[in-house]
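Asks: Once you've had a glance at the structure underneath, I'll fire off some questions.
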Amino acid sequence: GIESSELLAGKAEASDEEVIRVENLTKEFDIRGEKGAKKKLLAVDDVSFSLRKGSTLALVGESGSGKSTVANMVLNLLDPTSGKVFYKGTDLSTLGSSELFEMRRKLQVVFQNPYGSLDPMYSIYRCIEEPLVVHKTGNRKEREARVAELLDMVAMPRSTMRRYPNELSGGQRIAVARALALNPEVIVLDEAVSALDVLVQNQILQLLAGLQEELDLSYLFITHDLAVVRQTADDVAVMRQGKLVESGTVDEIFANPTESYTRDLIDSVPGLGIELGVGQ
Ligand code: ADP
Ligand code: MG
């Protein structure tokens, strides 16, 4: 719940209100080992964390550490082997299909590759409109007005509406516009800026920061890139081989990483020792 001091402070800052909480989340995959023998892979092992309303929690770790598996369980795209995901205190596993459908509005995702989630046969208009259609939001005219508004929000000219996603470089802006269509509360960004060159990456990070402030969005920001974490996150949770090895505020973790694994991740980023001075 919200502390009274937070209410008194009355700031538009991240509050202590949890929008997402995961408790003892575990995922075991059945895989084939050598000679095709069946084995279990513990991809996520007893992970717990919470995402505060209006804040950014970075989930970091090397490739294969289980970040996307956690994301997919948070998004309810994958069932946990054990453990729970709560959205504003509601255990997702207790929801029926219609309740889950409603809740999906509130939890959106942007993946690394916009062309993986945006259908190249769809005009940009249809890509952004699709969630509105699926959730039966508004009539045709209202949806068109909403798409125009969403393009404004991601600083894309309205004229791009009739073009196709592979025709332009603003793919991640389109993916963000689509994610915003249903007024979500939480956006999971799974390596959403990882494939972009540094210039475009900074533009998208600034866009996301502005939208967060304006719309009080909460971000679960998944990345293997610690430089990006420094720029954008409030809190960090570090994963290694499916386990959460440490967590805290960005300032705490960067100033005093207790795990050598985290230190190695920080040290592997060129120039992180010096102040970045970006996104301040
Ligand atoms: P990350 O996003 O941190 O790179 P992932 O969550 O994608 O890591 O993967 C964690 C581990 O789980 C990896 O070893 C990966 O190969 C394995 N894994 C992920 N999805 C599946 C799946 N559907 N079936 C079997 N193994 C999987
Ligand atoms: Mg991943």
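Asks: Quick one: if the Förster radius is 35 Å, what FRET efficiency do residue 206 and residue 38 give, using the C-beta to C-beta distance and rounding to 0.05?
Replies: Numbers: r = 47 Å, r/R0 = 1.36.
It comes out at approximately 0.15.
Asks: Over region 140-280, calculate the relative contact order: mean separation of alpha carbon pairs under 8 Å at least 6 apart, over the residue count, as a percent. Display every interim value, and only then the final one.
Replies: On the way: 117 pairs, mean separation 23.6, N = 141.
Across region 140-280, relative contact order equals 17 percent.
Asks: In whole percent, and with a 1.4 Å probe on the protein chains, what portion of the accessible area of the chain is carbon and sulfur?
Replies: On the way: 6830 of 14300 Å².
After summing per-atom areas, the C and S share lands at 48 percent.
Asks: Additional query: Give me the extension gain from residue 140 to residue 256: residue separation times 0.36 nm, minus the current Cα-Cα distance, reported in nm with one decimal.
Replies: Numbers: separation 116, 0.36 × 116 = 41.76 nm, distance 5.34 nm.
Answer, rounded to one decimal: 36.4 nm.
Asks: With the other protein chains left in place, how much accessible area per residue, in square angstrom, belongs to region 78-167 at a 1.4 angstrom probe?
Replies: For region 78-167, the solvent-accessible area averages 57 Å² per residue.
Asks: Below 8 Å, C-alpha to C-alpha, sequence gap of six or more: please give me the relative contact order for region 9-120 in percent.
Replies: Working: 151 pairs, mean separation 32.4, N = 112.
Relative contact order of region 9-120: 29 percent.
Asks: Okay, next question. Note down the accessible area of residue 153, probe 1.4 Å, to the nearest 10 Å².
Replies: 40 Å²
Asks: Now, a different point. How would you rank 33-43, 124-134, highest first, on the average number of other Cβ atoms within 10 Å across their residues? Write down the numbers at each step before the final one.
Replies: Values: 33-43: 10.4, 124-134: 19.7.
By packing density, highest mean first, the sequence is 124-134, 33-43.
Asks: Add -39500 (n - 2.57) for each DSSP H run of 4 or more in the chain, then divide by its residues: what number comes out at 222 nm, to the nearest 500 deg cm²/dmol?
Replies: Rounded to the nearest 500, the figure is -10000 deg cm²/dmol.
Asks: Another question about this same structure. Using a Förster radius of 35 Å, what is the FRET efficiency between residue 29 and residue 123 based on their Cβ-Cβ separation? Nearest 0.05, please.
Replies: Working: r = 37 Å, r/R0 = 1.06.
Here the calculated transfer efficiency is 0.40.
Asks: Pairs of Cα atoms under 8 Å, at least six residues apart: use those to get the relative contact order of the chain, whole percent. Intermediate results must be reported in sequence, preceding the final value.
Replies: On the way: 490 pairs, mean separation 67.1, N = 280.
Taking the mean separation of contacting Cα pairs over the length of the chain, I get 24 percent.
Asks: Let me ask something else. Along the Cα→Cβ direction, 7 angstrom out, place labels at residue 269 and residue 194. What is the inter-label distance in nm?
Replies: Simple spin-label model gives 1.5 nm for this pair.
Asks: Taking region 125-269 on its own, what percent of its Cα-Cα pair distances exceed 27 Å?
Replies: Working: 3288 of 10440 pairs.
Everything past 27 Å amounts to 31 percent.
The values are calculated or read from the model by the stated rules, or taken from the named source; none is laboratory data. Keep in mind that this is a model prediction, so the values were computed, not measured. Positions of Cβ are generated from backbone atoms using ideal geometry, with glycine treated the same way; all protein chains shown enter the neighbour counts. Protein only, heavy atoms only, side chains kept; ligands, DNA and RNA dropped before computing areas. Shrake-Rupley method; radii C 1.70, N 1.55, O 1.52, S 1.80 Å.
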